[in-house]
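Before any comments, here is the structure.
Laboratory data are not the source of any read-out in this text; all were calculated from the coordinates shown. What you see is a predicted model, and the numbers here were worked out from it, not measured in a lab. Ideal geometry is used to build each Cβ from the backbone, glycine not excepted, and the neighbour counts take in all protein chains shown.
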Amino acid sequence: MVHPLPGQHGTDAWGDGVDAAVAAVAGHTAALAALPATYATTAQAYYTPGLLWGFLGDSITDGNYGPVAYAYAFPSAAVRMAGGMVARLDSLEAGISGARTDEILAATDALLAAGIQGLVIMAGTNNVLRADLDPYYVIEMTAIIGKAKAAGIPVVLCLIPPMAASADVAIRNLIDGYNGWLRVAAGRLGCTLADTYTPLVDPTTGGLLTSCNSGDGVHPSQLGHTLMAGAVAKALQKAAGYTSTALNWPVVSKSPTNLAVDPLNAHAWVDGGGTGTAPARSLVADTSGRLAAGVWHQQDLDGTSAGGEWWTYPYSYLITTGFSAGDKVMVLAHIQIEDVTGTWVADTAADTAHATLEIEIGGGGGTVSVGAKRCPGICTAPGIYEIQISYVLTVAAGTTSIGLYSDFVVPTGKHIKMRIGAIGVINLTTQGSAAQFPWGHALVPFL
């Protein structure tokens, strides 16, 4: 299209368009000038809060039974494993002991009304145990999914976990049938599938693995919940649109609102002491493609002769400036575990191993242990597990410093390589994003 020259037709449409464009540019310039001075330099450190997930189900979802502690049941562990960009730690748990899908359907509206932004459903165990109601399973599950889809939120469908090999053949066949429907329905109804069946099934018997049996043949053990959490956490990441932690991790450079002195490990960490066999410490390049920037601090912890606990401090670990009382601060770290022995998941489920980030609050605030107790992380490659630490705290009056250090425990006879990198201590208040993080630090019982 050929446009007339400026002024050729006076105040023609083209000239009006130019005037409008000039005015728009002036408006954008004024808007940019009104932004905080730190806007451009803090963009890389900007952190998007995760979704408020709701977990619907029965006593397996509730987790408050037998040897499984509620705080470590699969919903709690899954939100910690998935990471703060995917799931809020204070997501809502609405497991109803003994519930069939009709009772779970009846609870759906109340959970949706609570403002959840994503829904996880594990339902069917009690339908299987009360076979007279089986024909309604598909109808009721479809209705639950439909309500969530009408609300415009993502849905994760969990497969029904296996039961003990001694369970009636008809019951086991029903589980297989329902899970077959769930696998198909996930794709056809636009849901994400979490395989919470395969990691717990004994391939030789088709029943629940002995190590995953809490003792009653129906409810999974702590190890079973840990394995289910890993599957659910991966599904949460996929449903939320995060498939690469490296691409999405916010700490990729030093920025004015990242108070960490050495976020990308330009300097070696400092040995803080410990017990048992001392680890070999070094800075190593990332070969997995998972670290967003910088290098890993690695602790090669071979506890073959004597396990123990070790502490390591990053370079200039005490932060004494850049925050005031009342500021909201987010602590970030990316942890990777290379499981040389092959028992990391079982050891963390048994609480004989862990990898944590410790936040030391100077001025009487004590120490906060973040993230990884009974939390092995998400398996991203054979023998590789990842934990994304994200913890929000409000600076208390009298706080003089914020310090970070790693804490790692390995039992005797085990060999693990722990890596940590991409450290962030982001002042959300200074950044202007504090209002987006109304986080608590534990899953909230809803029903």
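The figures follow:
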| read-out | value |
| --- | --- |
| Part-to-part distance (alpha-carbon centres) for the range 379-447 and the range 248-297, which is given in Å | 14 Å |
| ALA350/ALA110 FRET efficiency (R0 51 Å; Cβ-Cβ; nearest 0.05) | 0.90 |
| Low-density loop cleavage sites - trypsin sites (Lys or Arg not before Pro) in the range 116-176, where at most 12 other Cβ are within 10 Å (DSSP) | ARG130 |
| DSSP H segments from the chain that extend 15 Å or more along their own axis, Cα-based, with Kyte-Doolittle mean of -1.0 or above | 13-33, 101-113, 137-150, 169-188, 222-239 |
| Choice from ALA349, ALA71, ALA87 showing the highest fluctuation, given a GNM over the chain with Cα pairs closer than 10 Å | ALA71 |
| Taking the convex hull of Cα positions in the chain, its mean projected area over all directions (nm²) | 27.7 nm² |
| Segment THR304-THR400, extension gain: residue separation times 0.36 nm, minus the distance between their alpha carbons | 30.5 nm |
| Net charge over other residues, Cβ less than 11 angstrom from the Cβ of SER390 (K, R count +1; D, E count -1) | +2 |
| Karplus-derived HN-Hα couplings along the range 272-281 (A = 6.51, B = -1.76, C = 1.60, θ = phi - 60°), whole Hz, x at Gly and Pro | x, x, x, 10, x, 5, 6, x, 8, 10 |
| Student exercise, the chain dipole from Lys, Arg, Asp, Glu Cβ charges, in Debye to nearest 20 | 340 debye |
| Cβ charges +1 (Lys, Arg) and -1 (Asp, Glu), total dipole of the range 251-436, debye | 320 debye |
| Overall form of the range 160-312 per C-alpha gyration tensor (a/c, 1.5; a/b vs b/c) | oblate |
| Environment charge of ARG374, counting only residues whose C-beta is closer than 15 Å and scoring Lys/Arg +1, Asp/Glu -1 | -1 |
| Lysines whose Cα lies under 19 Å from that of LYS149, excluding same-chain neighbours fewer than 8 positions away | LYS238 |
| Among HIS297, HIS267, HIS225: highest mean-square fluctuation, GNM of the chain, C-alpha pairs under 10 Å | HIS267 |
| Value at 222 nm in deg cm²/dmol, rounded to 500, when DSSP H runs of n ≥ 4 in the chain each add -39,500 (n - 2.57) | -8000 deg cm²/dmol |
